[in-house]
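To start, the structure itself, in structure tokens.
The values are calculated or read from the model by the stated rules, or taken from the named source; none is laboratory data. Only a predicted model underlies this, so the values are computations on that prediction, with no experimental measurement involved. Reconstructed Cβ throughout: ideal geometry from the backbone, glycine too, with neighbour counts over all protein chains shown. Note: areas computed on protein heavy atoms with side chains; ligands, DNA, RNA excluded. Shrake-Rupley method; radii C 1.70, N 1.55, O 1.52, S 1.80 Å.
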Amino acid sequence: MVEPRPLVIAVDGPAASGKGTLARRLAEYFGLRHLDTGSLYRAVGLKLLKNNNDPANGSLAEAAARDLQENDLTDPSLREDTTAKAASFVAAQPRVRAVLLAYQRAFAQQLPGAVLDGRDIGTVVCPDATAKIYLDASVEVRAARRAKELQVGATESIESRVLSDMIERDARDSQRDVAPLKIADDACVIDTTGLGPDGVFERAQAFVSSRRN
Ligand code: DC
């Protein structure tokens, strides 16, 4: 008898490229669980901020990662920009990534499978994923989306701050030594700059269905 294999979908890409929206829709469509892996790094960063600790301190960040509880993942402060910045520092710590890796892999392997979104899902966490999708968009469009999300889209100065923060964070995510953001060789790349959520979903769903067969 052939052992059933989980259906694993990896969705990677930079901040505000549309990963979360797509991952949730794919999970619903294919009947899978969803893990927003960025929330793990955000939760570690938030723990450090709450204790007035430096997010760039590797030992403290590792201890915070080991101490992570389910309810840390639902804190509304996870979505704040200060938390995102702290997360990008803790995400560059190899020991933090090692602690979070086992949790992510175990999540992906439970039947019937899962959709995981992040930066290194197709390259490191689930290199054997059934389907890998890489979303991209211009940094200006992503910054405008994030500013809107923060409900501060009204002023130009705030938009430009979000843009410069995003350029800085993109650089940290893609230039770090451990598990940097990069496109997996076998990923389907979708540019969401001029494409709405429905268009992105249709392409991704067609790709996953083709990989499944
Ligand atoms: O996607 P996000 O903005 O919630 O991610 C927060 C930070 O965590 C960001 O700096 C990238 C990092 N991250 C990562 O390094 N690896 C992942 N799999 C997910 C997120």
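Taking only protein heavy atoms and a 1.4 Å probe, what accessible area per residue, in Å², does the range 56-145 have with all protein chains in place? It would help to have the intermediate numbers written out before the result.
Numbers: 3910 Å² over 90 residues.
With all protein chains present, the range 56-145 gives 43 Å² per residue.
Taking only complete DSSP H runs, can you tell me which helices of the chain stretch 20 Å or more along their own long axis by Cα positions and average at least -0.5 on the Kyte-Doolittle scale?
Working: long enough: 94-109 (22 Å, 0.16); 156-175 (28 Å, -1.02); 197-212 (22 Å, -0.62).
TM-like helix candidates: 94-109.
Given a cut-off of under 8 Å on Cα pairs at least six residues apart, what relative contact order in percent is computed for the range 1-104?
On the way: 86 pairs, mean separation 28.7, N = 104.
Rounded, it is 28 percent for the range 1-104.
Relative contact order of the chain, please, whole-number percent, based on alpha carbon pairs below 8 angstrom and at least 6 residues apart. Write down the numbers at each step before the final one.
Numbers: 335 pairs, mean separation 69.3, N = 213.
Result for the chain is 33 percent.
Suppose we keep just the DSSP beta bridges with both residues in the chain; what percent of those would be antiparallel, to 5? Kindly include the intermediate steps, with their values, before the conclusion.
Working: 0 of 18 bridges.
Percent antiparallel among DSSP bridges in the chain is about 0.
Report the per residue volume, in Å³, of the convex hull enclosing the C-alpha atoms of the chain.
Numbers: hull volume 26.6 nm³, N = 213.
Cα convex hull per residue, to the nearest whole number: 125 Å³.
Using the Cα centre as the reference, give the magnitude of the dipole from point charges on the C-beta atoms of the chain (Lys, Arg: +1; Asp, Glu: -1; all else neutral), rounded to the nearest 20 debye. Mind showing how you got there, number by number?
On the way: 28 positive and 30 negative charges, 63 e Å.
The dipole magnitude comes to about 300 debye.
Quickly rank 34-41, 187-194 as a protection proxy: mean count of other C-beta atoms within 10 Å, highest first.
Working: 34-41: 21.9, 187-194: 16.9.
So the peptides 34-41, 187-194, ranked by packing, come out 34-41, 187-194.
Going by average Cβ neighbours within 10 Å, how do the peptides 165-174, 121-130 rank, with the highest at the top? Mind showing how you got there, number by number?
On the way: 165-174: 15.8, 121-130: 21.5.
Packing proxy ranking, top to bottom: 121-130, 165-174.
Thinking of the range 27-84 as a set of Cα atoms, what percent of all their pairs are more than 16 Å apart?
Details: 719 of 1653 pairs.
More than 16 Å apart: 43 percent of the Cα pairs in the range 27-84.
Kindly report the accessible area of the range 154-213 per residue (heavy atoms of protein chains, probe 1.4 Å, no ligands, DNA or RNA), in Å².
Values: 3700 Å² over 60 residues.
Per-residue value: 62 Å².
Give the Rg (one decimal place) followed by the Dmax (whole number) of the range 1-58, computed from C-alpha coordinates and expressed in Å.
In Å, with Rg to one decimal and Dmax whole: 16.2, 55.
Using a probe of 1.4 angstrom, how much of the accessible area of the range 35-147 is carbon and sulfur, in percent? Walk me through the numbers on the way to the answer.
Working: 2500 of 4750 Å².
The nonpolar share, carbon plus sulfur, comes to 53 percent.
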